[in-house]
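Where a number appears in this text, it was derived from the coordinates with a stated rule and is not lab data. If you're wondering where the values come from, they're calculated on a predicted model, not measured in any experiment. For neighbour counting, all protein chains shown are included, and Cβ atoms are generated from backbone atoms with ideal geometry for every residue, glycine included.
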Amino acid sequence: MSKISFFSKEDILCPICEEKFKKENMLTGSGRLNAGELTDELRRYYLPTKKFGKINPLIYPVTVCPKCFYAAYSQDFDEIPEKNRQILINDTQNRITFIKSIFEDINFNKERGLKEGAASYLLAIYSYYFFPSSFSPYTKKAVSSLRTAWLFSDLYEETKDEKYLSLKNLMYKKSYKLFQEAYEKVEKGKEAFDRIKFGPDLDKDFGFNGFLYIYVYLFLNYGLDSIHNKEEKIKIIEKMKIIISKVFGIGKSSKEKTVFLLDKSRAMYDRLNEIQKELEEKE
């Protein structure tokens, strides 16, 4: 099988423990990625090729120190505020213990697989609690949690280990909560959105419309059933209808508002309407 990644020639210095290490990066071009379907979650699947086999680009974006397990997206890795450095130093063993309770043999000095990819996003979620609002930490935690759910899904499909199925479901629920927090921060002007690449996958950035779409999608699939009060459920559904209507708007497609996104958003609005109607008709 042909090579799909390489380790950086220059060392990276961890800003927390000052460990020097080399980061693995995915090679691009030469037909390595064979794009497949785009899912309702705006995830792009890639088909295996004869030359390169199965490739999952999602496992590479987060830089992780292999010694102290501090993690962040590559562009942010060196930007952790000095005032929070000591907190992350003191909490090193907790990070290591947490990840190794899920992946006992995790090793970020070797070539990455699905386990390292999932672990990298879990560690990034933790680390972004210590970044200021200018780095859009809540949005990055939200998209990281969604990608973690995707990778746990891949791990389950690959291994059929029920542990990964449980972790996948747990991360989808956590993802809804994190998207809820991120939405509230952005709405209140406490977190910028316009300076980040949202995705949620790597091949296309659906921007803020994609963010709103995923938030409502996660509510329908992982948040709705957790609300047991009828009046409260109707109230939140009405809020979600307003949010998703911002996506399809007047129905004109654009680079960010693709026909796919517009059609899926309209269908989601109709589904919310149906659920609301059913609830209102109940005694």
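By its C-alpha gyration tensor, with a ≥ b ≥ c as the square roots of the eigenvalues, how is segment 76-119 shaped: rounded for a/c under 1.5, else prolate for a/b larger than b/c, else oblate?
The shape class here is oblate.
Hey, how many Å between the Cα centroid of segment 54-79 and the Cα centroid of segment 170-187?
21
Tell me, in nm to one decimal, what length is gained between Ile87 and Ala192 on full extension, where the rule is 0.36 nm per residue of separation less the Cα-Cα distance?
35.3 nm
Stick to Cα atoms and the Kirkwood definition of Rh, then tell me Rg/Rh for segment 34-103.
When Rh is taken as the Kirkwood radius, the ratio is 1.13.
With only Lys, Arg, Asp and Glu charged, each at its Cβ (+1 for the first two, -1 for the last two), find how big the charge dipole of segment 227-283 is about the Cα centre; round to the nearest 20 debye. Numbers along the way, then the final one.
Numbers: 14 positive and 11 negative charges, 87 e Å.
My answer is approximately 420 debye.
Hey, what did the chain get for relative contact order, percent, Cα under 8 Å, at least 6 apart?
Across the chain, relative contact order equals 12 percent.
How big is the charge dipole of segment 36-158 about its Cα centre, in debye rounded to the nearest 20, if each Lys and Arg gets +1 on its Cβ and each Asp and Glu gets -1 on its Cβ?
200
Between Phe211, Phe260, Phe219, which gets the highest mean-square fluctuation from a Gaussian network model of the chain, Cα cutoff 10 Å?
In the Gaussian network model the winner is Phe260.
Just check segment 134-241 against the gyration tensor rule for me: Cα atoms, a ≥ b ≥ c as the square roots of the eigenvalues, rounded for a/c under 1.5, and otherwise prolate or oblate depending on whether a/b exceeds b/c.
Values: a/c = 2.18, a/b = 1.14, b/c = 1.92.
In terms of gyration-tensor shape, oblate.
Quick one: net charge around Ile106, please, counting Lys, Arg +1 and Asp, Glu -1 for every other residue with C-beta under 12 Å from its C-beta.
Once positives and negatives cancel, what remains is +2.
Could you order the peptides 80-88, 136-144 from most to least packed, using the average number of other C-beta atoms within 10 Å per residue?
So the peptides 80-88, 136-144, ranked by packing, come out 136-144, 80-88.
Measure off 7 Å from each Cα along the Cα-to-Cβ vector at Lys204 and Glu274, then give the distance between these two points in nanometres to one decimal.
In this crude spin-label approximation the distance works out to 2.4 nm.
Work through the residues other than Cys17 whose Cβ is under 13 Å from its Cβ and net out their charges, Lys, Arg +1 and Asp, Glu -1.
Result for the neighbourhood of Cys17: +1.
Going down the table (Lys67/Lys174; Lys83/Lys188; Lys188/Lys282; Lys54/Lys233; Lys100/Lys188), which pairs top 30 Å between alpha carbons?
Lys188/Lys282; Lys54/Lys233; Lys100/Lys188
Which of Arg43, Arg271, Arg95 moves most in a GNM of the chain, Cα contacts under 10 Å?
Arg271
What distance in nm separates the two pseudo spin-label positions at Lys235 and Asn34, each 7 Å out from Cα along the beta-carbon direction?
Placing both labels 7 Å along Cα→Cβ, they lie 5.2 nm apart.
Is it possible to state the helix-based mean residue ellipticity at 222 nm for the chain, with each DSSP H run of 4+ residues giving -39500 (n - 2.57), the sum divided by total residues, to the nearest 500 deg cm²/dmol? What is it?
-16500 deg cm²/dmol
Which of rounded, prolate or oblate describes segment 1-69 when judged by the alpha-carbon gyration tensor and an a/c cut-off of 1.5?
It is oblate, given that a/c is not under 1.5 and a/b is not larger than b/c.
Give the residue from Ile59, Ala118, Asn84 lying farthest towards the positive end of the charge dipole for segment 56-195; charges sit on Cβ (+1 for Lys and Arg, -1 for Asp and Glu) and the dipole is referred to the Cα centre.
Looking along the dipole axis, the top candidate is Asn84.
Compare the Cα positions of Leu262, Pro132, Leu13 along the charge dipole of the chain (+1 at Cβ of Lys, Arg; -1 at Cβ of Asp, Glu; about the Cα centre) and return the one farthest towards the positive end.
Leu13
Give the peptides 185-198, 62-75 in descending order of average Cβ contacts within 10 Å, highest first.
The peptides rank, most packed first, as 62-75, 185-198.
Based on Cβ point charges of +1 for Lys and Arg and -1 for Asp and Glu, what charge dipole magnitude is obtained for the chain about its Cα centre, in debye rounded to the nearest 20?
Its charge dipole is roughly 540 debye.
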